[in-house]
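Asker: Please find one structure pasted underneath; my questions will follow.
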Amino acid sequence: SVTASAAVTVVTVRPEPDLILEAVPGASIPDNGCSSSSLTSTINVSDSMLLARVSGGVGITHTYRGDLRVALTSPSGTTVSLIDRVGSGNFGSNADNLDVLIDDAGQQGAFASNNHAFAPPYYDIEGAPESGSNGSGVGALESFIGESAQGTWAIAVCDGAADDPGTLERWALYLVAP
């Protein structure tokens, strides 16, 4: 008799997006501006499909990731906080850049440490919405389920501390119909 054992890897299979839309604004994020201003970029969706799943790609060059707050608003007006001052301590994560795919089923705590190399393929680090010890909390992308995709989606990015400016290089919507 022979007994063999092997390592088992659990793989979460997600449905392929029905629609992927991307904006490449390359726009400066106002430094130390969360109390007074944020950068907003929009994507217009012409498809009226109902949503079963939403994920968001975010590509930001920034020298102190713990400064950043990112929120996504649907055409229906639902707003979900995706990133809120990630990391621990008074100032959050001092890691560089944010190049991520945000999905409710993503890994918890994926964005707090390690520098992200901002280079293709973009959005290759997947994680769940995340708030740091200095953040005020995040929401769930499942809040968009059942809404129509059609209309203007907006991402708002702000920088909550001085001396580390950044740029919203690109962002994307990954939309799945039922």
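Asker: On the accessible surface of the chain, probed at 1.4 Å, how many percent belong to carbon and sulfur atoms?
Answerer: Answer for the chain is 48 percent, counting heavy atoms of protein chains only.
Asker: Here's another thing I want to ask about it. Compute the length gained on full extension between Ser36 and Ala52: take 0.36 nm times their separation in residues and subtract their Cα-Cα distance, giving the result in nm to one decimal.
Answerer: Additional length available on full extension: 2.3 nm.
Asker: Going by the alpha-carbon gyration tensor, a ≥ b ≥ c the square roots of its eigenvalues, is region 59-140 rounded (a/c under 1.5) or, if a/c is not under 1.5, prolate (a/b greater than b/c) versus oblate?
Answerer: Note, shape of region 59-140 comes out oblate.
Asker: Ok, one more. Roll a 1.4 Å probe over the protein heavy atoms and report the accessible area of Glu16 in Å², nearest 10.
Answerer: In the full protein context, Glu16 sits at about 150 Å².
Asker: From Cα pairs below 8 angstrom and at least 6 apart in sequence, can you work out the relative contact order of the chain, rounded to a whole percent?
Answerer: Computed value for the chain: 39 percent relative contact order.
Asker: Based on the Kirkwood radius over alpha-carbon pairs, what is the Stokes-Einstein translational diffusion coefficient of the chain at 20 °C with 1.002 mPa s viscosity, in µm²/s?
Answerer: 129 µm²/s
Asker: Continuing with the same structure: Under a 1.4 Å probe, what is the accessible area of the chain per residue, stated in Å²?
Answerer: 48 Å²
Asker: Got a sec? Charge dipole of region 28-160, +1 on Cβ for Lys and Arg, -1 for Asp and Glu; which of Leu98, Gly77, Gly57 is way out at the positive end?
Answerer: Going by the charge dipole, the pick is Gly77.
Asker: How much of Ser113 can a 1.4 Å solvent probe reach, expressed as accessible area in Å² and rounded to 10?
Answerer: 60 Å²
Asker: Same structure again: Between Gly109 and residues 5 or more places away or on another chain, which pairs have amide H atoms under 5 Å apart, with H built 1.01 Å from N, and which residues are they?
Answerer: Ala128
Asker: How far is it, in nm, from the label point at Ala119 to the one at Asp104 when both lie 7 Å from their Cα along the line to the Cβ?
Answerer: Each label point lies 7 Å from its Cα, and together they span 3.5 nm.
Asker: Would you mind telling me the antiparallel percentage of the DSSP bridges in region 50-162, rounded to 5?
Answerer: Given both bridge residues lie in region 50-162, the antiparallel proportion sits at roughly 75 percent.
The values are calculated or read from the model by the stated rules, or taken from the named source; none is laboratory data. Keep in mind that what you see is a predicted model, and the values were worked out from it rather than measured. Because the Cβ atoms are built from the backbone with ideal geometry, glycine has one as well, and the counts that use them run over all protein chains shown. Remember, those area values only see protein heavy atoms, side chains included, never the ligands or the DNA or RNA. Shrake-Rupley method; radii C 1.70, N 1.55, O 1.52, S 1.80 Å.
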